[in-house]
Amino acid sequence: MSRYALYLGCTVPVRGLNYELSARKVLDRLGIQVADLDGFACCGFPAKPLDWKAGLLMAARNLALAEAAGCDLLTLCSACTGTLTEAAHRLKEDARLRAWVNEELARQGKKYSGKVRVRHFARMLYEETGVERLKELVTRELTDLAVAPHYGCHYLKPSHLYDGFDDPENPHSLERLIEATGARVKHYEDEGQCCGGGILGFDEDTALLMTKQKLDHVVAAEVDAMVLICPFCAIMYEANQRRVEGLYNTAYKLPVLYYSQLLGLAMGMSLEEVGFKLNRVKSRKLAQLFRE
Amino acid sequence: MPEDDIIDVSDFDPNFRDEIAAEPGGEYIRRCFSCGTCSASCPVGGVTDKYNPRRIIHMALLGMRQEVLSSGFVWLCSVCYTCYERCPQDVRIPELMNAIRNIAVREGRIPQTFKTQVGQLRAHGRLYEVGDYENERRQEYDLPPIREESAQVRQILDDMDVEEEAE
Ligand code: SF4
Ligand code: SF4
């Protein structure tokens, strides 16, 4: 039995196929089997601000599915990670809340006893696989690449949910993971800034202004790509990059890579194998470096 | 100053802070001593003066219920948790904003974007549809098909009366 079930959430399996397929290939190389369970739905993140009970129940039914299969959850999206981790903590610690959730879940033929652990893909690589093991599997050191890490918010915060595995103010896990590929990490102004995705639907102008600030800072650091680990951050910085360029009459042309794509390249995979066809911002340098 | 803009404190609702404190996520509102760390850290406040978390909390503590619920203020929090980590009083601001949002939603004040999302969740169990087209595309990239699970999600949303507000 696989220890982890891969929880894709809503965004990755439709708008982040490059993330999903590169992550799956990397997991395969690492010999980590993941299960694809039937029946997962939204993690509950969009429901929580409207009705916390609905949000919690949506999270709980996904946790219940994993528990019934004897699996922990491996997540790719940081918002899913936050929502599911919070629910797992609350349901483990609060017996009364768990009892109420189970009354509701019983109507769907499910129950949850509090056993499931939730791990973000990057955290799992960092803590469980380890940087040393990743280095062993690197066949092509990406020393010609300089990249800017973007941690995003929910991967790190609120930090009490994440057992202090990284420092929310001065994080280092993604930097260590990038270094394992041989690529150089470049820091930039206001690195911890949020992508603005949380308010994109409510106030687009403000959200895109947040996106613009970060793009300005990253481009000023003169990098070959930005590296991130959340599909929503990718929507803001990659899918919306053109719009920000149009709104502010500027040109970034900043390639945005998922960490799993960077790692796949370092493991010897081609641009095609890591799904680069689906990355919207192309880069001559990347195309030249990884020409087959 | 025109009369209309002047606030009359007798219109305030002195119970609003208790109402918020009774709402999960809002428990710690009374701890705020208005230091401003949240506003100084806030990436939304950094790009627009439309949003200022310390001010919203202050208004809520004063009992400005109508103003807080009817303005768009609480929906402008990007829930990034920057202030959550830094608040010296552990007020847990984004959870507090969610608590106030829950109260607003119960009074039928739900922004259009969230209504649309609830519609998607009810129809597909997820924010983006995964139908034949999406599964064919997934297959092109050797990714396994996904079966939508909408009935159970719809049941949860029905039970919680999120539906009504979404119509
Ligand atoms: S940081 Fe905390 S105590 Fe200071 S104003 Fe904000 S909520 Fe209040
Ligand atoms: S959680 Fe909300 S209020 Fe706090 S810093 Fe982030 S956007 Fe601002």
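Considering B:Arg55, B:Arg65, the condition of being within 19 Å of the chain's Cα centre (by Cα), within 16 Å of ligand 2 (Cβ to nearest atom) and over 12 Å from B:Leu96 (Cα atoms) is satisfied by B:Arg55 alone.
Yes/no matrix, rows are residues, columns are (1) touching a residue at least 12 places away in the same chain (Cβ under 8 Å); (2) touching a Phe, Trp or Tyr at 6+ places or on another chain (Cβ under 7 Å); (3) under 16 Å from B:Thr82 (Cβ atoms); (4) of a type in the set (Phe, Trp, Tyr):
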| position | (1), (2), (3), (4) |
| --- | --- |
| B:Asp4 | no, no, no, no |
| B:Ser10 | no, no, no, no |
| B:Gly25 | yes, yes, no, no |
| B:Cys32 | yes, no, no, no |
| B:Thr37 | yes, no, yes, no |
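Which one of these is open to solvent by 10 Å² or more (accessible area, probe 1.4 Å), closer than 30 Å to A:Thr83 by Cα and either of a type in the set (D, E, K, R) or out of contact with any His (no Cβ under 6 Å at 6 or more places or on another chain) (or both): A:Glu222, A:Glu238? Result: A:Glu238 is the single residue among A:Glu222, A:Glu238 that is open to solvent by 10 Å² or more (accessible area, probe 1.4 Å), closer than 30 Å to A:Thr83 by Cα and either of a type in the set (D, E, K, R) or out of contact with any His (no Cβ under 6 Å at 6 or more places or on another chain) (or both). Beta carbons closer than 8 Å, at least 6 apart along the sequence or on distinct chains, pair a first residue in the range A:264-281 that is of a type in the set (Lys, Arg) with a second that is assigned to a helix (DSSP H, G or I) for A:Lys277/A:Asn18; A:Arg280/A:Glu238; A:Arg280/A:Ala239; A:Arg280/A:Gln241; A:Arg280/A:Arg242. Out of curiosity, is A:Ala60 outside any loop (DSSP other than H, G, I, E, B), in contact with a strand residue (DSSP E or B) (Cβ under 6 Å, 6 or more places away or on another chain), more than 25 Å from A:Val274 (Cβ to Cβ) and open to solvent by less than 10 Å² (accessible area, probe 1.4 Å)? It is false that A:Ala60 is outside any loop (DSSP other than H, G, I, E, B), in contact with a strand residue (DSSP E or B) (Cβ under 6 Å, 6 or more places away or on another chain), more than 25 Å from A:Val274 (Cβ to Cβ) and open to solvent by less than 10 Å² (accessible area, probe 1.4 Å).
So which of B:Val79, B:Val74 ends up being over 22 Å from A:His160 (Cβ atoms) and either within 16 Å of ligand 2 (Cβ to nearest atom) or surrounded by 15 or more Cβ atoms within 10 Å (Cβ to Cβ) (or both)?
Checking each option against the conditions leaves just B:Val74.
Check B:Ile57, B:Ile7 and return the single one that is near ligand 1 (Cβ under 9 Å from one of its atoms), β-branched (Val, Ile, Thr) and either open to solvent by 20 Å² or more (accessible area, probe 1.4 Å) or in a helix (DSSP H, G or I) (or both).
On the way: B:Ile7 fails: near ligand 1 (Cβ under 9 Å from one of its atoms).
The unique qualifying residue is B:Ile57.
Hey, among B:Val118, B:Val91, which residue is within 16 Å of ligand 1 (Cβ to nearest atom), open to solvent by less than 50 Å² (accessible area, probe 1.4 Å), among the aliphatic types (A, V, I, L, M) and more than 13 Å from the chain's Cα centre (by Cα)? Step through it out loud before you land on a result.
Working: B:Val118 fails: within 16 Å of ligand 1 (Cβ to nearest atom).
Just a single option satisfies the conditions, and that option is B:Val91.
Restricting attention to the range A:118-145, the residues that are crowded, with 16+ Cβ neighbours inside 10 Å, of a type in the set (D, E, K, R) and without any contact (Cβ under 8 Å) to a residue 60 or more places away in the chain total 1.
Restricting to the range A:179-198, name every residue that is among the aliphatic types (A, V, I, L, M) and either within 16 Å of ligand 1 (Cβ to nearest atom) or surrounded by 23 or more Cβ atoms within 10 Å (Cβ to Cβ) (or both). A:Ala180, A:Ala183, listed by residue number.
With A:Val223, A:Val274, A:Val219 as the choices, which residue is in contact with a strand residue (DSSP E or B) (Cβ under 7 Å, 6 or more places away or on another chain) and modelled with pLDDT of 95 or more?
Values: A:Val274 fails: in contact with a strand residue (DSSP E or B) (Cβ under 7 Å, 6 or more places away or on another chain); A:Val219 fails: in contact with a strand residue (DSSP E or B) (Cβ under 7 Å, 6 or more places away or on another chain).
Every option except A:Val223 fails the conditions.
Annotation: A:Gly201 fulfils all but one of (1) open to solvent by 60 Å² or more (accessible area, probe 1.4 Å); (2) assigned to a loop (DSSP other than H, G, I, E, B); the unmet one is (1).
The values are calculated or read from the model by the stated rules, or taken from the named source; none is laboratory data. The structure presented is a predicted model; accordingly, all values stated were derived computationally and were not measured. Positions of Cβ are generated from backbone atoms using ideal geometry, with glycine treated the same way; all protein chains shown enter the neighbour counts. These accessible areas exclude ligands, DNA and RNA; they are computed on the full protein's heavy atoms, side chains included. Shrake-Rupley method; radii C 1.70, N 1.55, O 1.52, S 1.80 Å.
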